[in-house]
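The values are calculated or read from the model by the stated rules, or taken from the named source; none is laboratory data. Everything numeric in this text was worked out from a predicted model, so none of it was measured. Here the Cβ positions follow ideal geometry from the backbone for every residue, glycine too, while neighbour counts run over all protein chains shown. Areas reflect the complete protein model, heavy atoms only, side chains present, ligands, DNA and RNA absent. Shrake-Rupley method; radii C 1.70, N 1.55, O 1.52, S 1.80 Å.
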Amino acid sequence: MGFDLLSVQSMSSTFCVLFFSFTILFSLFSLLLFILRLKPWCNCEVCRSYLSLSWAKEFGNLCDWYTHLLRKSPTGTIHVHVLSNTITANPENVEHILKTRFDNYPKGKPFSVILGDLLGRGIFNVDGESWKFQRKMASLELGSVSVRSYASEIVTSEIQSRLIPLLSSFAAAGQEDKVLDLQDVFRRFSFDNICKFSFGLDPGCLQLSLPISKFAAAFDLASKLSAERAMSASPIIWKFKRFLNLGSEKKLKEAIKTINTFATEMINQRREMGFSNHKDLLSRFMASIDDDNYLRDIVISFLLAGRDTVASALTSFFYLLSQNPHVEAAIRDELERVIGSSSSHQQQVASLEQMRETHYLNGAIYESMRLYPPVQFDSKFCQEDDILPDGTFVQKGTRVTYHPYAMGRMERVWGPDCLQFKPDRWLHNGVFRPESPYKYPVFQAGLRVCLGKEMALVEMRSVVVSLVQQFDIRVADPNQAPRFAPGLTATVRGGLPVLVQHRGTH
């Protein structure tokens, strides 16, 4: 009997060793195949610079190096062999990818796998019928007047009850030299808003004490680590770390566990309370979806889209406004004409109708996102061999990236003054007029155009109108150009330290 037990234990140990050894050998073999496919021996200048990181000697951001390469390219398109990635800043190519051959350029399985643990089957991580279903459902909800009014009420309340008091506390007498991280403020502001809108929950991140939210911290970490997966030299690396529950993958797993626990609690709470009389997005979706995991994926996706992009856009806007006081003066002049004059310590609240008449302000917001788009690039995967309008051949399975950040800095797209912050370029006879979405794909374009575009613009205009009327906000170090941290959206490394003063006090 004892002998049999020892034999079973011995066989079990041997099997474990063999299984673990096979797993390691298979992973190494897969990594070798991946490396062979990427051709790491490619000796072209671009690939050498990418692999050796020598580009960092001249450029502070990877996106600036790509911009440099795309400017030099006669077609505005390049191919990075070691990444199997075709990158373009050509508007005709963008239209081809997002509209003409839309079915040939899905998000693709590689990206669905990278973001799968965080976004699951959410709208930003799926293709085909699942995407069409969520798109249709979201379009009906986000397009309704009642939902947009609800979103506007949330934003107005957050501005008046938290954002203004917080900035006033930093602008108070004796606090003029106290530095405030404006990027952190906007991330807290937009997180409060999107949580109220998505879950009907107020996390209170923008209270005067600036509390740390466990959910917000987990969400930030999960977004950051998911983005780092995409920058890995091979998916085998992060998949192997995930299998062994090591390092960044262990942290990601813990962060997602926190997010899932929170989402589950919110869904259960809504089911107990009843959701038919609630206005938040979760309650509206629960009326037609019974699968709790699917609900979690959908709402988390909207949380990601509505939080980080708005915060990024507002951060860049106030950075540029600080560098261009003449634009700030022109915005204030327009607000006085449209809304009326305001005292230095009391803002005039603008209605949605009045904000539609702020043509110069709209131009300034679009112009800031031309130079600093919240999502600097977006990738698809080519399903079948194709030829782009500029003549570039795209092989099946190639990653294809269009680059809004680079496009905003291309003379052939925006003219010789493309690097200048000029809101007037959006005005025709004093009236705001948008450009083609394929020339300006900040909100994507075609069938995947951003459904929350109008709500995001209303939120941005509301913040700018409120702050510009009441405060002078200046970057603490005006000579420091933004350097971006890796992430799903553009995040300034180290934040945006600013000094805040009430208007007319200096």
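The number of residues in the stretch 172-192 being in a helix (DSSP H, G or I) and open to solvent by 10 Å² or more (accessible area, probe 1.4 Å) comes to 4. For the stretch 214-240, filtered to residues that are open to solvent by 70 Å² or more (accessible area, probe 1.4 Å) and assigned to a helix (DSSP H, G or I), the residue that is modelled with the lowest pLDDT is 237. A single member of 270, 284 is closer than 30 Å to residue 449 by Cβ, touching a Ser or Thr at 6+ places or on another chain (Cβ under 7 Å) and basic (Lys, Arg), and it is 270. Residue 481 passes every criterion in (1) under 30 Å from residue 75 (Cβ atoms); (2) crowded, with 16+ Cβ neighbours inside 10 Å; (3) within 21 Å of the chain's Cα centre (by Cα) apart from (2). Across the stretch 378-407, the number of residues qualifying as under 17 Å from residue 80 (Cα atoms), crowded, with 17+ Cβ neighbours inside 10 Å and among the hydrophobic types (A, V, I, L, M, F, W, C) comes to 6. When residues in the stretch 57-115 are screened for being of a type outside the set (A, V, I, L, M, F, W, C) and free of Cβ contacts under 8 Å to residues at least 40 places away in the same chain, 9 of them pass.
Is at least one residue of the stretch 90-104 among the hydroxyl-bearing types (Ser, Thr, Tyr) and over 24 Å from residue 223 (Cα atoms)? Write out each step before concluding.
Looking only at the stretch 90-104, we keep the residues that are among the hydroxyl-bearing types (Ser, Thr, Tyr), and these are 100.
Remaining after also requiring over 24 Å from residue 223 (Cα atoms): 100.
Yes: the stretch 90-104 contains one or more residues that are among the hydroxyl-bearing types (Ser, Thr, Tyr) and over 24 Å from residue 223 (Cα atoms).
Counting the residues of the stretch 193-212 that are assigned to a loop (DSSP other than H, G, I, E, B), of a type in the set (S, T, N, Q) and either in contact with a helix residue (DSSP H, G or I) (Cβ under 7 Å, 6 or more places away or on another chain) or crowded, with 17+ Cβ neighbours inside 10 Å (or both) gives 1.
Filtering the stretch 331-359 down to residues that are open to solvent by less than 30 Å² (accessible area, probe 1.4 Å) and part of a helix (DSSP H, G or I), which residue is modelled with the lowest pLDDT? The extreme case among them is 355. Within the stretch 486-506, the set of residues being in contact (Cβ under 8 Å) with a residue 60 or more places away in the chain, out of contact with any Leu (no Cβ under 9 Å at 6 or more places or on another chain) and closer than 30 Å to residue 226 by Cα comprises 487, 490, 491, 492. In this structure, residue 295 does not satisfy being hydrophobic (A, V, I, L, M, F, W, C) and either without any contact (Cβ under 8 Å) to a residue 12 or more places away in the chain or not in a helix (DSSP H, G or I) (or both).
Here the helices (runs of 4 or more DSSP H) wholly within the stretch 50-144 that include at least 1 residues being farther than 30 Å from residue 294 by Cβ and open to solvent by less than 30 Å² (accessible area, probe 1.4 Å) are 62-72, 91-95.
Of the residues contained in the stretch 379-397, one or more are found to be at pLDDT 95 or above, more than 20 Å from residue 70 (Cβ to Cβ), acidic (Asp, Glu) and in contact with a helix residue (DSSP H, G or I) (Cβ under 9 Å, 6 or more places away or on another chain).
Only one of 337, 271, 284, 307 is over 27 Å from residue 483 (Cβ atoms), in contact (Cβ under 8 Å) with a residue 24 or more places away in the chain and among the basic types (Lys, Arg). Can you tell me which? Spell out how you get there, then give the answer.
Numbers: 337 fails: in contact (Cβ under 8 Å) with a residue 24 or more places away in the chain; 271 fails: in contact (Cβ under 8 Å) with a residue 24 or more places away in the chain; 307 fails: over 27 Å from residue 483 (Cβ atoms).
It is 284.
Filtered by the rule that a residue be open to solvent by 10 Å² or more (accessible area, probe 1.4 Å), more than 19 Å from residue 261 (Cα to Cα) and among the aliphatic types (A, V, I, L, M), the stretch 290-324 gives 305, 320.
Against the test of being of a type in the set (A, V, I, L, M), at pLDDT below 95 and over 23 Å from residue 306 (Cα atoms), the options 138, 89, 151, 171 yield a single qualifying residue, 171. For the stretch 367-374, the condition of being among the small types (Gly, Ala, Ser) and in a strand (DSSP E or B) holds for none of the residues.
Being modelled with pLDDT of 95 or more and either under 18 Å from residue 405 (Cα atoms) or charged (D, E, K, R) (or both) is a property that residue 453 lacks.
Return the pairs, sorted by first residue and then second, in which the second residue is of a type in the set (S, T, N, Q) and assigned to a loop (DSSP other than H, G, I, E, B), the first residue lies in the stretch 178-190 and is under 15 Å from residue 482 (Cβ atoms) and without any contact (Cβ under 8 Å) to a residue 12 or more places away in the chain, the beta carbons are less than 7 Å apart, and the residues are 6+ apart or on different chains. Listed pairs, sorted by first residue: none to list.
Looking across the stretch 413-465, the residues that are of a type in the set (S, T, N, Q) and either in contact (Cβ under 8 Å) with a residue 24 or more places away in the chain or open to solvent by less than 30 Å² (accessible area, probe 1.4 Å) (or both) come down to 436, 444, 462.
In the stretch 156-171, the residues that are charged (D, E, K, R) reach residues that are buried (at least 16 other Cβ atoms within 10 Å of the Cβ) and part of a helix (DSSP H, G or I) with C-beta atoms within less than 8 angstrom, at least six apart or across chains, in these pairs: 158/189; 158/192; 158/193; 158/196; 162/189; 162/192.
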